[in-house]
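S.K.: Right, I'll just put the structure down here and ask away after.
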Ligand code: P6P
């Protein structure tokens, strides 16, 4: 189902096969999550963030699939210190966050895996607009996959028979008032952000923020409406979320669904990639909602 669908979308055979393999990795992670301990791994990632056992386990699963895939030239994750060598002559580079939201794992909130795919082995100096595909998995009551190969965004459900198409061509065309205000602590340093949050409250917006980017953005795709904000602040001007592993893939999917992305000035897709650990403020949502954030957040 997934392979045939991607081929009908015009994806090259090698890309369709790679995404099917990534679907198998997600399936394995989904099965591991149920039984994996919620304990800490006793290690830190390249961002100095404490890793939980599931971070390390999911990263190992992804590395096992990526390091042996004939189409993968290079790969890297939020948990790795350097780019991993894939297959010489491979076509694609894959960047991923194996478990996004791992700090929510022990409280049994939904978490996810985020993946961005580029052609070529080098990514520095390029932009996330050059991705050829992006996908994320949501590990919630159900495991779902949101995927785009440049022809819109489509949702698959993991069933006993494999990945089944759940919803085709999701679009950010709604006008329901949902907001996901990340990094609320920044309102203490940013009067403009405090003013924006108060505007949402006055306009009776519905709060939908779990602290997990994947379920929070997935909520917007499924409702076709809303806005997700993770701003910077004077003490952390670039915010928290990473260009390669979180912002780039999510912005690609959002814009493929007719939504918008911004770092406060330009589309996330046009931000030049300068490093593996590069972070960015990020606003995602309907074009109207993203424009509103840009108009309020001037700093
Ligand atoms: P905060 C999870 O740790 C994450 O990387 C994203 O999934 C999420 O949007 C953000 O950080 C939450 O950050 O500061 O609210 O804990």
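S.K.: Report, ordered by the first and then the second residue, all pairs with beta carbons closer than 6 Å, sequence separation of six or more or different chains, a first member in segment 199-221 that is at positive phi, and a second member that is in a helix (DSSP H, G or I).
M.R.: Taking only residues 6 or more apart or on different chains, the pairs are 211/104.
S.K.: For segment 19-65, enumerate the residues that are in contact (Cβ under 8 Å) with a residue 60 or more places away in the chain, within 27 Å of residue 2 (Cβ to Cβ) and more than 18 Å from the chain's Cα centre (by Cα).
M.R.: 33
S.K.: Still on this structure: Can we say residue 123 is in contact with a strand residue (DSSP E or B) (Cβ under 6 Å, 6 or more places away or on another chain), assigned to a loop (DSSP other than H, G, I, E, B) and at pLDDT 95 or above?
M.R.: Yes.
Each row is one residue, and each column tells you yes or no for (1) within 16 Å of the ligand (Cβ to nearest atom); (2) modelled with pLDDT under 95; (3) surrounded by 13 or more Cβ atoms within 10 Å (Cβ to Cβ).
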| position | (1), (2), (3) |
| --- | --- |
| 158 | no, no, yes |
| 162 | no, no, yes |
| 172 | no, no, yes |
| 175 | no, yes, no |
| 194 | no, no, yes |
| 197 | yes, no, yes |
| 202 | no, no, no |
| 212 | yes, no, yes |
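S.K.: Here's something else I'd like to know. Determine the pairs where a residue that is outside the structural domain of residue 272 (by TED's automatic domain parsing), located within segment 114-127, has a partner that is loosely packed, with under 14 Cβ neighbours inside 10 Å and at pLDDT below 95 with Cβ atoms under 6 Å apart, the partner being 6 or more residues away or on another chain.
M.R.: none
S.K.: Residue 271 is checked against (1) closer than 28 Å to residue 49 by Cβ; (2) touching a strand residue (DSSP E or B) at 6+ places or on another chain (Cβ under 7 Å) and fails just one. What number does that condition carry?
M.R.: (2)
S.K.: Could I ask something else about it? Scan 248, 259, 264 and give me the residue that is touching a residue at least 12 places away in the same chain (Cβ under 8 Å) and surrounded by fewer than 21 Cβ atoms within 10 Å (Cβ to Cβ).
M.R.: 264
S.K.: Restricting attention to strands (runs of 3 or more DSSP E) lying wholly within segment 183-299, give those where 3 or more residues are over 18 Å from residue 133 (Cα atoms) and not assigned by TED's automatic domain parsing to the domain that holds residue 117.
M.R.: 227-230, 282-285
S.K.: May I ask you to verify whether residue 184 is surrounded by fewer than 15 Cβ atoms within 10 Å (Cβ to Cβ) and either at pLDDT 95 or above or more than 19 Å from the chain's Cα centre (by Cα) (or both)?
M.R.: yes
S.K.: Against the condition touching a helix residue (DSSP H, G or I) at 6+ places or on another chain (Cβ under 7 Å) and closer than 28 Å to residue 122 by Cα, how does residue 180 come out, does it pass?
M.R.: The answer is no for residue 180.
S.K.: State all residues of segment 90-112 that are away from the ligand (no atom under 16 Å from the Cβ) and either under 17 Å from the mean Cα position of the chain (by Cα) or modelled with pLDDT under 95 (or both); if no residue qualifies, say none.
M.R.: Within segment 90-112, 93, 94 meet the criteria.
S.K.: Being closer than 18 Å to residue 11 by Cβ and within 14 Å of the ligand (Cβ to nearest atom) narrows it down to one of 71, 118, 136, so name that one.
M.R.: Checking each option against the conditions leaves just 136.
The values are calculated or read from the model by the stated rules, or taken from the named source; none is laboratory data. This one's a predicted model, so the numbers in the text were calculated from it and none came from an experiment. Neighbour counts run over all protein chains shown; Cβ positions are idealised from the backbone, glycine included.
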